[in-house]
1. Normalising by the residue count of the chain, find the relative contact order in percent from Cα pairs under 8 Å and 6+ residues apart.
2. If you look at just the Cα atoms of segment 118-212, how large are its Rg and its Dmax in Å?
3. Based on the alpha carbon coordinates of segment 178-324, what radius of gyration and maximum Cα-Cα distance (Dmax) apply, in Å?
4. From the helices alone, meaning DSSP H stretches of at least four residues, give me the mean residue ellipticity at 222 nm for the chain, per-run term -39500 (n - 2.57), in deg cm²/dmol to the nearest 500.
5. Rounded to whole Å, give me the distance from the Cα center of segment 9-64 to that of segment 101-170.
6. State the percent of C-alpha pairs, over all pairs in segment 53-129, separated by a distance greater than 19 angstrom.
7. So, with +1 on the Cβ of K and R and -1 on the Cβ of D and E, and no other charges, what is the size of the charge dipole of the chain about its Cα centre, to the nearest 20 debye?
8. Accessible area per residue for the chain in Å², computed with a 1.4 Å probe and the full protein assembly in place, what is it?
Amino acid sequence: MLILADYFLAEPDIQWRFAAQMGVEHAVGRMPDGYMEEYASSYPLLKSMRDKFAENGFHLDVIEPACQNQKIKLGLPGRDEEIDRMITLITNMGKLGIGTLCYNFMAHFGWLRTRYGISERGGALVTGYAQSDMDQDAFTEAGEVLHERLWENLEYLQKAIVPAAERAGVKLALHPDDPPQPYIQHVGRILTSAEAMEKAVDLVPSPNAGICLCQGCFAAMGENVYDVIKVFAKKRKINLVHFRDIRGTKDDFHETFHDNGITDMARCIDLYERNDVDCCVRVDHVPTMAGEENNRPGYESLGRLYAVGYLKGLLEMQHRYAEISPEECI
Ligand SMILES: [Mn+2]
């Protein structure tokens, strides 16, 4: 069964209160920006974070994201120290009952958007990405980063953290690349298709190695999101769901309200449940609505309230339907 969760900063803010008021009881927690490395290295700090959630009525189920870990991704000197820190984080999560780590393998560029004020339904503002908005002939300080090297680096990481996750009893949720472009300014990105995601989790096969099924990423890849859910659910590889949608293609797309994208969201919820997916689901990237400043594109409040309510309704419908025998439906 999918478990309704929301995304929280580590320190209580108004989003914590909104979540409590909406009846959300499970948390995907972000370690404090600027101090992620300290939290990832420290049992007492991570424990204090978990305890703060508990004091406010939330169970901290997921840590997202891991540290930037650019040396791991780019294969630079010092990557073993970053890997050791990631193993410490996973080990401490296991001790603290935080069951899932969501991490990504985007080198140099992380989550990337080129537009922040695109008009969606009713004039709500959403983010978007267009490959042509950036000079793709330009080089970054990362230089040319080839796919082959990234695959080697990912395998090196998986070989280290998958056994650690098994020992700790922690599930790994590898997030696809967003946007799913094979190259951005000569920096390769490898997790840009369903096939690549399958390959990635099978680098070191384990019941603990899985993915974050970020629906919007797979939609932007041009994948059939329903087939993706079925394939990864049958492999028991869905360890977290990001509930979001887009319009467009990987070369030019924008976010949407959760009920206004290219994907049938009710069908997605139905497929998770019918295929016995057991993990947290959280909304992501909400539109900025009337009266809001758009200071935090994708993370303002009103769109989030709407999205969580919508998701909660779909989940309740599905859970209720699953309890009812077919005869009772007639
Ligand atoms: Mn996502």
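1. Worked out over the chain, it gives 17 percent.
2. My reading of the Cα-based Rg and Dmax gives 16.8, 50 Å.
3. Values for segment 178-324 (Cα only, Rg and Dmax): 15.9, 53 Å.
4. Computed ellipticity for the chain at 222 nm equals -12000 deg cm²/dmol.
5. 23
6. It works out to 57 percent of all Cα pairs.
7. In debye, rounded to 20, the chain gives about 540.
8. Ligands and nucleic acids excluded, the figure is 42 Å² per residue.
The values are calculated or read from the model by the stated rules, or taken from the named source; none is laboratory data. Not measured: the values here are computed from a predicted model. Backbone-built Cβ (ideal geometry, glycine too); neighbour counts: all protein chains shown. Quick note on the areas: whole protein, heavy atoms, side chains included, nothing else; ligands and nucleic acids left out. Shrake-Rupley method; radii C 1.70, N 1.55, O 1.52, S 1.80 Å.
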